[in-house]
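Here's the structure we're looking at; comments come further down.
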Amino acid sequence: MTRFSAGDIVTVLALGKRGHVRIPHYIRHQTGEIVGYCGTYLNPEDLAVGNTGSRAIDLYRVAFAQTRLWPDEDHPAQDRLIIEIYDHWLAPAAGDL
Amino acid sequence: MPHDHHHEEHEALVIEDDAGNIEAQIIVDALQEVLISKGLLTATEVTGAIAKLESPGIHLGAQVVARAWTDPAYKRRLLKDGRAAVQELDIPVTEARIIVVENTDQLHNLITCTLCSCYPRSILGQPPSWYISKAYRARSVREPRRVLAEFGLSLPHDVQLDVHDSNADMRYLVLPQPPADVARRSVQELEASISRDHLIGVAREVA
């Protein structure tokens, strides 16, 4: 049982971790919609420092409206950015997008 | 660059960053020379490793797409599980998963990796230098339509653009729309009509 499923609205956390973090800054604090589940993968934050013993974690594909990511740009309303986010970087978001 | 030593045994890799700095190149050169002089590595092994890296190429991706255009059941399997469908064609896959994203009349897909240079190397080979550039990595998410225009593709406003950032474990392949006369062309002709740019999404129409 995964914590999120397709259609769920989520916010990307800003965990402030250092090192080999695969969640780029532009997507932190942003709210989007789960569009896919990718399976479980070892956490790159651990793998990068040689720690291969930790539990594999859920990875999701999350879609964001470009108009919300870059309000200063002229994106058509339907354009999306889709990115992979590990479970521990996500929080459920209240309400609609 | 100080370059007063000979390079007859091996061809140096060119590694420089966006600013043209070649510090990494100097380190790689020095390390390779030391390893070769100590007998831990031979120039032939280096050449072999480079050849292995460079042997996959766009012809493999084109093979996958041409098959999807001509075999609807294969296309369904490809969209469901890209890795398994690529392996069906006896293409070795090193990626954990390949996600195939299909262009339609209403949707165009563009692939990028904002953090580094993630790319479906098993089926497309090594990425082009512009794909790795900081300019593409930043602009492909922030102003993708302007980037596409610079590649000669002005995407109509009513066509949705999905940009896929390959930031983690997935790798992506764009499935372009087939040309109108797909049924009249041979598989070889179809494969030849597909370019790397179509499979990254900086080109759309297959001529």
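All of the numbers you see were taken from the coordinates with simple rules; none came from a lab. Not measured: the values here are computed from a predicted model. All Cβ positions, even for glycine, are placed from backbone atoms using ideal geometry, and neighbour counts span all protein chains on display.
Is it fair to say B:THR70 is within 21 Å of B:SER166 (Cβ to Cβ) and of a type in the set (Ser, Thr, Tyr)?
Working: within 21 Å of B:SER166 (Cβ to Cβ): no; of a type in the set (Ser, Thr, Tyr): yes.
Criteria not met by B:THR70.
Any residue in the stretch A:65-81 that is more than 10 Å from chain B (Cβ to nearest Cβ), part of a loop (DSSP other than H, G, I, E, B) and farther than 30 Å from B:PRO156 by Cβ? Can you show your working first?
Here is the first cut: in the stretch A:65-81, the residues more than 10 Å from chain B (Cβ to nearest Cβ) are A:65, A:67-68, A:71.
Filter once more, so that each one left must be part of a loop (DSSP other than H, G, I, E, B): A:71.
Right, trim to farther than 30 Å from B:PRO156 by Cβ and you get none.
No, the stretch A:65-81 has no match at all.
For the stretch B:48-97, name all the residues that are crowded, with 20+ Cβ neighbours inside 10 Å, small (Gly, Ala, Ser) and within 14 Å of chain A (Cβ to nearest Cβ).
Across the stretch B:48-97, the qualifying residue is only B:GLY82.
For B:SER186, are the conditions met, namely being surrounded by fewer than 17 Cβ atoms within 10 Å (Cβ to Cβ), under 16 Å from the mean Cα position of the chain (by Cα) and either more than 29 Å from A:HIS25 (Cα to Cα) or away from chain A (no Cβ under 14 Å) (or both)? First the steps, then the outcome.
Working: surrounded by fewer than 17 Cβ atoms within 10 Å (Cβ to Cβ): yes; under 16 Å from the mean Cα position of the chain (by Cα): no; either more than 29 Å from A:HIS25 (Cα to Cα) or away from chain A (no Cβ under 14 Å) (or both): yes.
Spelling it out, it is not the case that B:SER186 is surrounded by fewer than 17 Cβ atoms within 10 Å (Cβ to Cβ), under 16 Å from the mean Cα position of the chain (by Cα) and either more than 29 Å from A:HIS25 (Cα to Cα) or away from chain A (no Cβ under 14 Å) (or both).
For residues in the stretch B:100-132 being of a type in the set (Gly, Ala, Ser) and in contact with a helix residue (DSSP H, G or I) (Cβ under 8 Å, 6 or more places away or on another chain), which is nearest to A:ILE82 (Cα to Cα)?
As a first pass, look at the stretch B:100-132 and keep what is of a type in the set (Gly, Ala, Ser): B:117, B:122, B:125, B:129.
From what is left, the residues that are in contact with a helix residue (DSSP H, G or I) (Cβ under 8 Å, 6 or more places away or on another chain) are B:117, B:122, B:125.
Values: B:SER117: 17, B:SER122: 22, B:GLY125: 23 Å.
The selected residue is B:SER117.
Would you be able to say whether some residue in the stretch B:53-66 is more than 15 Å from B:LEU199 (Cα to Cα) and not polar (S, T, N, Q)? Give the derivation first.
Our first condition is that a residue be more than 15 Å from B:LEU199 (Cα to Cα); within the stretch B:53-66, this holds for B:53-55.
Pick out the ones that are also not polar (S, T, N, Q) and you get B:53-54.
Within the stretch B:53-66 (the criterion being more than 15 Å from B:LEU199 (Cα to Cα) and not polar (S, T, N, Q)), the answer is yes, since at least one residue qualifies.
Looking for whichever is surrounded by fewer than 19 Cβ atoms within 10 Å (Cβ to Cβ) and more than 17 Å from B:ASN167 (Cα to Cα) here; the options are A:ARG3, A:ARG18, A:ARG28. Which one fits?
Working: A:ARG18 fails: more than 17 Å from B:ASN167 (Cα to Cα); A:ARG28 fails: more than 17 Å from B:ASN167 (Cα to Cα).
The match here is A:ARG3.
Would you check if there is a residue in the stretch B:140-162 being crowded, with 20+ Cβ neighbours inside 10 Å and outside any helix (DSSP H, G or I)? Explain how you work it out, then say what you get.
The initial filter retains those residues of the stretch B:140-162 that are crowded, with 20+ Cβ neighbours inside 10 Å, namely B:140-141, B:144-145, B:147-148, B:161-162.
So of that shortlist, the ones also outside any helix (DSSP H, G or I) come out as B:161-162.
The answer is yes, given that some residue of the stretch B:140-162 is crowded, with 20+ Cβ neighbours inside 10 Å and outside any helix (DSSP H, G or I).
Residues that are over 26 Å from B:ARG137 (Cα atoms): which helices (runs of 4 or more DSSP H) entirely in the stretch B:41-127 hold 3 or more of them? Quick ask: steps written out before the conclusion?
Numbers: elements: B:43-54, B:58-70, B:72-80, B:82-88, B:121-124.
The helices (runs of 4 or more DSSP H) meeting that bar are B:43-54, B:58-70, B:72-80, B:82-88.
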